[in-house]
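The values are calculated or read from the model by the stated rules, or taken from the named source; none is laboratory data. Source: prediction; values computed, not measured. Don't worry about glycine lacking a Cβ; one is built from the backbone with ideal geometry, like all the others, and counts go over all protein chains shown. Just the protein is used for accessible areas: all its heavy atoms, side chains included, with ligands, DNA and RNA removed. Shrake-Rupley method; radii C 1.70, N 1.55, O 1.52, S 1.80 Å.
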Amino acid sequence: MVKVDISGALGFVSESEINSLDTRKPLETLKTLYENGWMELPATFSAELSGQIKSLSDNIKKQSEVLIVLGIGGSYLGARAAIEYIKSPNYNMLKKNTPDIYFAGNNASGEYLEQIFELIGDRNFSVNVISKSGSTIETAIALRFFKAHLLERYGENGLKDRIYVTSDIGSPLIKMAQESGFSYLEMPPEVGGRYSFLTVVGLLPCAVAGIDIDEIMAGAKEEYENGLEAACLYAKTRQALYKKGKNIEMLASFEPAFRFMGEWWKQLFGESEGKEGIGIFPSYADYSADLHSMGQLIQEGERNLQETFVSFNEPRQNPKVPGGDIHSDKISAIAGFDMHKINMSASEAVKKAHIDGGVPVLELGLPVLSAKSFGALVYFFMRSCAISALISGVNPFGQPGVEAYKKNLFAILGL
Ligand code: PA5
């Protein structure tokens, strides 16, 4: 369960200002909007769906040492975030009995694609192409490259066995899968791209990485059942701060494994809230690293920032600072301190400095980096994001602004 602490914001906005933002109407509206299908996913996740995902992931694990996940935005960020958070940011470099996982189809760089082919080398590989619309250009182009490589290496039958399609029922990609005999998984159409991690979109790559997808869904379910109040509090507080001119939210964590979760969060909040001339600009900072790049601006730049720290009570590993008198600096005095204590002290120090410097700090607390807390956090953020967008008066679903660049690109390419 996600715990929300707003005490670090109360010097900037009062409780009555926060509570004046009513969440009843947004919650009523949410029930009526198409694309709200993600709300019930934790309750409707079945043993049958879990089994279907695991059986496809077992196939992939048996046939390949590498899985390529093709997708962009909501079709890849969640899976990448989950693998980094639950396994490791260095997942591919770990000794393990699950395939390496590379992500492509999220840019139009030829160099990036060529480097992935080099990384695959002569290892066996499979492809999971994920696109809700089935027509996103970067993903569609990458698929053509990977299909050509698969065909060259494995022939028609191998190609058929090694492409796994995830897309909306009836999309061009599903039709192509049906015509070509590829395995496919259908996404529920009433679940939008950036709200789709808890479907086959996020769960298949996670299962291939050896992550317990039932644990992810158990965490989401706990949050679904008990987390409404916390989600409303986070939504209301950030919107109350926005009204005070705090129009940039910096999500920050002191765990490097959280970094890609920050990328997923940026898309979720950015595309859900940034429309009709309003929206809190979502940004992410990786502490301590970014204290030495962004720290100056956060501490003393324009006072339009609000910050949200995400922290974990229990470390997965907790080594102690080695002793010995090899160094004569005063840091030797903390020999024997455990790293969790030091990391928590850093968080406390930064929180105090930023509040003193005029930045309100909200805190989200979780027990430990795990599949369960990842599922909880995903559901917490999706729910609070939808409520927050509706408090501000915009529809959280749809992303009409994303079409502008696509139209230009199609025109420039003469398509
Ligand atoms: O939230 C959304 O729907 C979008 O940002 C999509 O995730 C993104 O554009 C990718 O689209 P698709 O899955 O259709 O390829």
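Compared with the dominant Cα axis of the chain, that is its longest principal axis, helix 339-356 is turned about 60°.
For GLU190, what is the net charge nearby, where nearby means another residue's Cβ is under 13 Å from its Cβ and Lys, Arg count +1, Asp, Glu -1?
-2
Note on segment 1-159: dipole from Cβ charges, positive end direction compared against VAL127, ALA79, LEU27; the farthest Cα belongs to VAL127. Shown in residue order for segment 289-294 are the 3J(HN,Hα) couplings computed by the Karplus curve 6.51 cos²θ - 1.76 cosθ + 1.60 at θ = phi - 60°: 3, 6, 5, 9, 10, 9 Hz (x for Gly and Pro). Measuring between their Cα centroids, segment 74-119 and segment 275-311 lie 26 Å from each other. About the centre of its Cα atoms, segment 57-211 shows a dipole size close to 300 debye [charges on the beta carbon of Lys, Arg (+1) and Asp, Glu (-1) only; nearest 20 debye]. Think of it as helices only: each DSSP H run of n ≥ 4 in the chain is worth -39500 (n - 2.57), and spread over all residues that comes to -15000 deg cm²/dmol at 222 nm. Among LYS330, LYS61, LYS351, the largest mean-square fluctuation in a Gaussian network model of the chain, built with springs joining Cα atoms closer than 10 Å, belongs to LYS330.
Going by a ≥ b ≥ c, the root eigenvalues of the Cα gyration tensor, does segment 1-126 fall in the rounded group (a/c under 1.5), the prolate group (a/b larger than b/c) or the oblate group? Verdict is prolate for segment 1-126. Which parts of segment 76-90 would a label at ILE169 reach, counting a residue when its backbone N lies under 17 Å from a point 7 Å out along Cα-to-Cβ? Flagged as within label range: none. Placing a label point 7 Å from the Cα of ASN313 along the Cα-to-Cβ direction, no residue of segment 219-239 has a backbone N closer than 14 Å. Taking the C-alpha atoms only, the angle from helix 403-412 to the longest principal axis of the chain is near 40 degrees.
To the nearest ten degrees, helix 137-162 and the longest principal axis of the Cα atoms of the chain are 50 degrees apart. Computed over the chain, the quotient of the alpha carbon radius of gyration and 2.2 N^0.38 Å is 1.03. For the chain, a crude dipole built from +1 on the beta carbon of Lys and Arg and -1 on the beta carbon of Asp and Glu, taken about the Cα centre, is about 220 debye to the nearest 20.
Between the residues SER373, GLN399, ALA411, the greatest Cα displacement towards the positive end of the dipole of segment 311-415, with unit charges on the Cβ of Lys, Arg, Asp and Glu, is found for ALA411. The label-point distance for GLU48 and GLU17, in a model that sets each label 7 Å from Cα toward Cβ, rounds to 5.2 nm.
If the chain between ASN157 and SER288 were fully stretched, how many nm would it gain, using 0.36 nm times the residue separation less the Cα-Cα distance?
Working: separation 131, 0.36 × 131 = 47.16 nm, distance 4.97 nm.
That works out to 42.2 nm of additional length.
Antiparallel beta bridges, as assigned by DSSP with both residues in the chain, represent about 15 percent of the total such bridges. The relative contact order of segment 193-285, computed from alpha carbon pairs under 8 Å that lie at least 6 residues apart in sequence, is 26 percent.
The amide H of LEU251, built 1.01 Å from its N in the peptide plane, has SER283, TYR284, ALA285, THR308 as neighbours under 5 Å, considering only residues 5 or more places off or on other chains. How much of the accessible area of the chain, probe 1.4 Å, is carbon plus sulfur, in whole percent? Its accessible area is 53 percent carbon and sulfur atoms. Say the dipole of the chain comes from +1 at the beta carbon of Lys and Arg and -1 at that of Asp and Glu; which of PHE337, ILE174, TYR112 then lies farthest toward its positive end? Working it through, the farthest residue towards the positive pole turns out to be ILE174. When the C-alpha to C-alpha distance is required to be over 19 Å, the pairs from LYS246/LYS351; LYS62/LYS132; LYS330/LYS352; LYS61/LYS160 that qualify are LYS62/LYS132; LYS330/LYS352. Assuming R0 = 41 Å, what is the FRET efficiency of ASN395 and ASP329, from their Cβ-Cβ distance, to the nearest 0.05? For R0 = 41 Å, the calculated efficiency reads 0.15.
Surface exposure of the chain, expressed per residue as accessible area with a 1.4 Å probe, stands at 45 Å².
So for segment 101-193, considering every pair of alpha-carbon atoms, how many percent are separated by more than 17 Å?
49 percent
Note: relative contact order over the chain, using C-alpha pairs below 8 Å and six or more positions apart, is 25 percent.
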